[in-house]
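Heads up: the structure comes next, in structure tokens.
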Amino acid sequence: MKHDALVIGGSAGSFRAIIHLLEILAIDLSIPVFLCLHRLKQARKGFEETLANIASLPLMEPFDKEKIKPGIIYLAPANYHMLIENKRTIALSTEDPIQYSRPSIDICFASAAEIYKQRLLAILLSGANQDGTGGIAAVNRHGGYTLVQDPTDCEITTMCESAIKLTIPNQILTIPEIIEFVSLL
Amino acid sequence: MELENQEIQTFVNTVRSLSDYDFTEYSDKSLKRRLMKILHDYHLTTESLLIKISENPEFLERIVKDITVNTTELFRDPAIWHSLRYDILPDFEDLSTLNIWHAGCSTGQEVFSMMILLNEMGLLERSDIYATDINSDVLEAARKGVYRYRFNVGYLNNFDAVIKENPRDHNIYHNVPYSKYFVVDKVRDNIRMKDYLLNKPVYEKMDLVTDHNPFDRVFDLVICRNVIIYFNYELQNKVFKLFLDNMNQGSVLVLGVHETILGPYAAYFKKKFQAYYKK
Ligand SMILES: C[S@@+](CC[C@H](N)C(=O)[O-])C[C@H]1O[C@@H](n2cnc3c(N)ncnc32)[C@H](O)[C@@H]1O
């Protein structure tokens, strides 16, 4: 295994891709997965349940200071930033939204990049704002591996276009290609 | 911009040597983010920041305030307010005085939410409300009770969800006008709490890390939400001990929706309805 953790960021138009990805994660995956998705404040409980029902691995919204375990998908809770505090612990924060987003993909990715460095795999999917660009840049800077969804394949192109314009991701892939990549983890 | 852990350490040590404030046991990542923001906002390097706080006590005070994260809302996380209304507070209806402490109350929205709820339940007159924070600016704002309207339209939705609607029985609807509690002034772009709510709480500056309970009271309800997420495990334990020592038996500690008691103090509480009851 080349990676010690996987972070996935997505926003508007990423829902179907997320569902696919969660379905095909290997059930013996030996690394934690951090999922940072923008969502409506009010649509709260149902969302976690929907994703948990689909995912091949256990999925949960972590508590602050939750212990990180391999083979678990941690979904950033609505209205909180999710940070990777160290290899063992998740931290939450109610700091102001960044790029209008809380959870912020930038914060989540950057905090994971600092901890997992070149052992981090980051995937950025469709979305309607510029969140995620800073995150991809941070992962690159720490030597991690970055995949950005091909804007021509995105339902909403803004987020991935921004990341591609301002950073150099390792690969720009369509959803079927991302799925293949992830299924081989 | 990157900040080395060593620089954060030096900052924390400097602050501790210059003042009573101690950020040693704050969560590393959040503290680091706050510091980076401070350096950026004031156009300072770590060295120049250290020099400035050493030479200027007021600037140190300013920086301490900037370290704290003060985001809050009226009726933040409606589900816990539903639980307070229908599960938790009814057990306290027979007390002659209900002593409530908001620890880390920020700009007061949580305190006003509580008072509004208590009033709807007929408990406000019997309640004594105490509220503390490390940051004296937010306490000043809480005493004023004026909030921006434009960025806080969500307050009204939360109010509706908690005060007007009843998720346990959708046939019930309480038609409570906002004006009973606050004035929404779209022209001046503000939401102003009514005077009778401004005068009720006792606000006091208090640092949960170093200070004792500043009130001559033991509490029936302690509300500390979205504060301990900024503390590490050791400091969280100290704060739980502080609460425990100042709570009546059977009283309730309410934490933020994604906070939980880990470690030794969990044994002193029983978790029920998203709240912690002192055994
Ligand atoms: C995010 S706000 C929470 C406000 C409110 N309880 C809520 O949940 O909406 C956190 C508050 O904790 C305060 N705080 C941080 N460190 C503290 C300390 N050591 N002692 C007391 N208050 C502290 C901050 O100043 C800030 O106002």
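The values are calculated or read from the model by the stated rules, or taken from the named source; none is laboratory data. Keep in mind the model is a prediction, meaning the values are calculated, not measured. FYI the Cβ positions are ideal-geometry reconstructions off the backbone, even for glycines, and counts take in every protein chain you see. Remember, those area values only see protein heavy atoms, side chains included, never the ligands or the DNA or RNA. Shrake-Rupley method; radii C 1.70, N 1.55, O 1.52, S 1.80 Å.
Taking the alpha carbon gyration tensor of chain B, multiplying each eigenvalue by 5 and rooting it gives semi-axes of 34, 23, 16 Å, largest first. Measuring nothing but protein heavy atoms, the accessible surface of the stretch A:5-183 at 1.4 Å probe radius is 55 percent carbon and sulfur. Along the Cα-to-Cβ line of B:Asp41, 7 Å from the Cα, sits a label point; which residues in the stretch A:95-136 have backbone N less than 17 Å from it? Only A:95-100 pass the distance filter.
Relative contact order (percent) for chain A, with alpha-carbon contacts under 8 angstrom and 6 or more residues of separation? Don't skip to the end; give the middle numbers.
Working: 443 pairs, mean separation 42.3, N = 185.
After rounding, I find 23 percent.
The distance between label points at B:Asp169 and B:Tyr196 comes to 2.5 nm (points 7 Å beyond Cα on the Cα→Cβ vector).
The simple Förster model, with R0 at 41 Å and r as the Cβ-Cβ distance, assigns B:Lys65 and A:Asp28 a FRET efficiency of 0.25.
Could you tally up the Lys pairs in chain A with alpha carbons closer than 14 Å? Skip any pair fewer than 8 positions apart unless they're on separate chains. Write out the running numbers ahead of the final one.
Working: A:Lys2/A:Lys117; A:Lys65/A:Lys87; A:Lys67/A:Lys87; A:Lys69/A:Lys87; A:Lys87/A:Lys117.
Going through chain A pair by pair, I get 5.
Per the Kirkwood formula on distinct C-alpha pairs, the Rh of the stretch A:1-136 is how many angstrom?
Details: mean 1/r = 0.0688 Å⁻¹.
Result for the stretch A:1-136 stands at 14.5 Å.
In summary, the lysines within cross-link reach of B:Lys279, defined as a Cα separation below 16 angstrom excluding same-chain residues under 8 places away, comprise B:Lys241, B:Lys270, B:Lys271. A Förster radius of 25 Å combined with the Cβ-Cβ distance from B:Lys238 to B:Tyr86 puts the calculated FRET efficiency at roughly 0.15. Candidates A:Phe63, B:His174, B:Asn13 compared by Cα position along the dipole of the protein assembly as shown: farthest toward the positive end lies B:His174, with charges placed on Cβ. Taking the square roots of 5 times each eigenvalue of the Cα gyration tensor of the stretch B:183-227, largest first, gives ellipsoid semi-axes of 30, 14, 11 Å.
The charge dipole of the stretch A:5-183, taken about its Cα centre with unit charges on the Cβ of Lys, Arg, Asp and Glu (plus for the first two, minus for the last two), comes to roughly 440 debye.
The C-alpha atoms of chain B define a longest principal axis, and helix B:28-41 lies at about 70 degrees to it. Send over the Kirkwood Rh of the protein assembly as shown, from the inverse of the averaged 1/r over different Cα pairs, rounded to one decimal Å. One decimal place: 23.6 Å for the Kirkwood radius.
Kindly state, as a whole number, the per residue volume in cubic angstrom of the convex hull around the alpha carbon atoms of the stretch B:5-68. Display every interim value, and only then the final one.
On the way: hull volume 4.8 nm³, N = 64.
So the per-residue hull volume is 74 Å³.
Which FRET efficiency value, to the nearest 0.05, is calculated for B:Arg126 and A:Glu155 with the Förster distance at 51 angstrom and r the Cβ-Cβ distance?
Computed FRET efficiency for B:Arg126 and A:Glu155: 0.40.
I'd like to check one number: the per residue accessible area of the stretch A:5-183, probe 1.4 Å, reported in Å² as a whole number. Please list the in-between numbers first.
On the way: 6900 Å² over 179 residues.
Result: 39 Å² of accessible area for each residue.
How many Å² of accessible surface get buried when B and A come together, counting both sides, probe radius 1.4 Å, rounded to the nearest 100? Don't skip to the end; give the middle numbers.
On the way: alone 13610 and 8470 Å², together 19920 Å².
Separately minus together, B and A give about 2200 Å² buried.
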